[in-house]
Structures are given as C-alpha cells and as structure tokens.
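Structure, as structure tokens:
The values are calculated or read from the model by the stated rules, or taken from the named source; none is laboratory data. Because the structure is a prediction, the values reported are computed rather than measured. Cβ: placed from backbone, ideal geometry, glycine included. Neighbour counts: every protein chain shown. SASA here: full protein model, heavy atoms, side chains in, ligands and nucleic acids out. Shrake-Rupley method; radii C 1.70, N 1.55, O 1.52, S 1.80 Å.
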Amino acid sequence: MAQRTPFLGGNWKMNTTPATALELAAAVATKARAFPRVDVAIYPPFPFLQATVAVVAGGALVGGQDCSSEIAGAFTGQTSAGMLADLGCTSVLIGHSERRHGLGETDAVLSKKLGRAIDAGLVPVLCVGETLVEREAGNTHEIIGLQLRGALAGHSAEAMSRLVVAYEPVWAIGTGRTATPDDAAEAHRTVHRTLGVLYDVRFSERVRVIYGGSVNAKNAADLFSREEIDGGLVGGASLQAADFAAIIDAASLRA
Ligand code: PGA
C-alpha cells in the first residue's frame, strides 16, 4: 500500500444553511479527530466559512470551494486566497468541473489560482477530469494530461509540495454513475505519470490523487482499496454526517 496519507474532502457546493452547516461541521470534526491519520477536509459555502472554522477548531481542514486568480482589487464577487487564509482556512478547491465547465474557467486562470493558493499557504486540491464526450472519443488520458500541464505551468515542484489532485470525471459528478475502481485507478496512473514527466518520479509519488464522482458510503471502500486511489472528493454524500463518517472509515483503512 502506498505511504501517502489518505485525503478525504467534503464539497458542500451551494448547500446547507447557517445552522445545518455548523451542525454538519461539528459532526465531521468529531469524527475526524478520531482518525488523525486521515486528512479530512470540508468545503462549506463562503458565507459559512468563518463560523465553520471556529466550530471545527482544527479537527479538520476547512477550505474554500474556489479562490480568485487575483490578489485584491476591483473584482466584484470574488474571494482571494489570502482572505481564506485570514479566516483560518487551510485548503481550497481549484478547477472544479462546475467552474471549468459551468463558468468557463481556463487552465491559464486555474494556474494563476493555484499560485495564489500556494502563496496564501493553502493546500490546493486541483480538480481534473474528462467529459462524457471526451471519454467516448477515447481522449480521457489526453485531457487529464492537458489539464495538469495547463494548471501546473510555471509552478515549481517545491511550490507544489502540498498539491492534491482530484480526478473527477465530469460524467460521474452528481449523476450516481461512478467510475469503476479500475477506470479510476487507470486515470490516477495517468496523473502520476504526467506529474513524473512534469517534475520527477519522487515528486509524483508523494502527491495524493483522490477520486471524485458519486462516491458514497457503499462504494467508497471498494474505490479506496485500490493502491492508486488515495481518498475522495465527495459532494452529495458529504452532506449527511453519517454517510461522510462511513466514508472516513473507508479512507482510514488505507492509513
Ligand atoms: P458528487 O460530487 O459526489 O455529488 O458526485 C463530487 C464533486 O463534485 O466533487
């Protein structure tokens, strides 16, 4: 089994209320404290971050679902990586498909965001993955390579030492369709191979590559049993404390 610490993120997207966010955060933190060998992270909506950080009190990483590619200035509606860090956040999602495909974020923009996240001291979780059309055209591995090369352009191995990569096939997100463990493992090998070429093999072996796309309490253990799958980025199932707790259990089997 790989010596990488399992990483499990809960991406709450645009869900929860002030009350349910704190309740869920408290439950996740209690569970996560019992599993210090798993890096557990939650990504609540921006307005709830500060209160969530306080409730979690270091029991888990708390991060933004996005950050700006800019440092400060006239960027209405955006949140900088520095602001996230000032709130006590320790991580950030970069390039989630709902931003790449929903909002047209390019690899060039994501590369800048990655730099901002690193400068702010955050653990960046860079999301990559192909659409159904790209998969059916046989381009899965090419797309993963292109997205990694685009986002990592200009960033040194040293700067990227905390990088986590989330492989999230777009067709599996929120659809109930999960990639098979074999498919996911193959894509993860492509991520590692690409990182090995961009940097070197030692660097690549240290980077955690997690799977996202309809991970749930039932399929998590099967996915995480593969050596290549260092954990998960979980959307829908991270909104139920009991389900997410079961997924933490599944990730802990790797630790
Ligand atoms: P899902 O979302 O688990 O609801 O498919 C995963 C994600 O978007 O990160």
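Modelled spin labels at Asp119 and Glu186, positioned 7 Å past Cα toward Cβ, are 4.0 nm from each other. In this calculation the C-beta distance from Ala255 to Asn139 is compared with R0 = 25 Å, giving a FRET efficiency of 0.15.
Taken along the Cα-to-beta-carbon direction at a fixed 7 Å, the label points for Arg33 and Gln240 span 2.6 nm. Computed over the alpha-carbon atoms, the stretch 135-255 gives an Rg to Rh ratio of 0.98, Rh here being the Kirkwood radius from the mean inverse distance. For Gly212, nonlocal amide neighbours, meaning residues 5 or more places apart or on other chains whose placed amide H falls under 5 Å from its own, are Tyr167, Glu168, Leu233. Nonpolar atom fraction for the stretch 119-255, defined as the carbon and sulfur part of the 1.4 Å probe accessible area, stands at 50 percent. Cross-link partners for Lys218 among the aspartates and glutamates, with Cα-Cα distance under 16 Å and sequence neighbours closer than 8 places in the same chain left out: Asp243, Asp249. Across the chain, the convex hull enclosing all Cα atoms gives 111 Å³ per residue. Both the radius of gyration and Dmax for the stretch 4-111 are 14.2, 43 Å, in that order, over alpha-carbon atoms. Surface exposure of the stretch 27-78, expressed per residue as accessible area with a 1.4 Å probe, stands at 47 Å². In straight Cα distance, which aspartates and glutamates are under 18 Å from Lys113, not counting same-chain residues fewer than 8 positions off? Filter leaves Asp66, Glu70, Asp86, Glu98, Glu105, Glu158.
Extension gain, Thr20-Asp222: 0.36 nm per intervening residue step, less the Cα-Cα distance, totals 69.8 nm.
Note on the stretch 202-241 and the stretch 99-160: Cα centroid distance 18 Å, given to the nearest whole angstrom. Less than 5 angstrom separates the built amide H of Leu61 from those of Val40, Ala41, Ile42, all sequence-distant by 5 or more or on a different chain. For every helix of n ≥ 4 consecutive DSSP H residues, a contribution of -39,500 (n - 2.57) applies; sum these over the chain, divide by its total residues, and give [θ] at 222 nm rounded to the nearest 500 deg cm²/dmol. Mean residue ellipticity, 222 nm, calculated: -12500 deg cm²/dmol.
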